[in-house]
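Visitor: Here it is: the structure, laid out below.
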């Protein structure tokens with residue numbers, strides 16, 4: 001599975017001590033150089049620097065092709081490059097939290113998108129995390145999600161029906177999808 005990530009899912013999973021969910025769930029995660037630069041910025045928390053130094057082969061930074069599409073104007077460099085890279089690599093999934101980037105990726109480019117909450121949902125469905133503990137840790141960061149989205153994550157992780165959380169104001173696209181092959 002080809003998975004491309006923007007900065008925030010890697011950042012927040014690292015801050016709550018769960019960055020290893022990424023290689024566990026997806027194997028290799030590809031990031032554009034702009035995302036690596038954002039993660040390596042001088043203001044990045046020390047946990048991020050440590051994660052980058054020990055990530056080994058699961059996190060791969062590559063040069064993204066230039067994409068000039070007006071729909072991407074207003075996005076930051078990491079979001080633009082992540083979308084461009086996902087499109088060029090025909091990625092099965094892009095990891096992104098920001099609402100405008102998620103909308104552009106899914107609606108304009110037809111990419112399957114999930115974010116931090118979707119990754120945690122996937123991990124919960126295969127019993128890799130204690131959801132209540134993880135939600136508590138995530139709430140202690142600057143991560144923003146609606147109370148309804150947190151409640152969906154805290155609900156039964158094995159529910160067979162697909163749950164689509166549409167909150168255009170905060171996420172812009174489905175953030176939790178509980179069926180096989182989603183998130």
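Computed from the coordinates by the stated procedures, all read-outs in this text should not be read as laboratory data. Please read these numbers as outputs of a predicted model, since none were measured by experiment. Don't worry about glycine lacking a Cβ; one is built from the backbone with ideal geometry, like all the others, and counts go over all protein chains shown.
Visitor: Using r as the Cβ-Cβ distance of residue 151 and residue 90, and R0 as 45 Å, what FRET efficiency do you calculate, to the nearest 0.05?
Guide: For residue 151 and residue 90, the calculated efficiency is 0.85.
Visitor: Over the stretch 1-123, what is the relative contact order in whole percent, taking alpha-carbon pairs under 8 Å and six or more residues apart?
Guide: Normalised by residue count, the contact order of the stretch 1-123 is 33 percent.
Visitor: Starting from 0.36 nm per residue, how many nanometres of slack lie between residue 40 and residue 53 once their C-alpha separation is accounted for?
Guide: Extra length available between residue 40 and residue 53 comes to 3.6 nm.
Visitor: In whole angstrom, note down how far apart the Cα centers of the stretch 94-139 and the stretch 58-93 are.
Guide: Result: 18 Å between the Cα centres.
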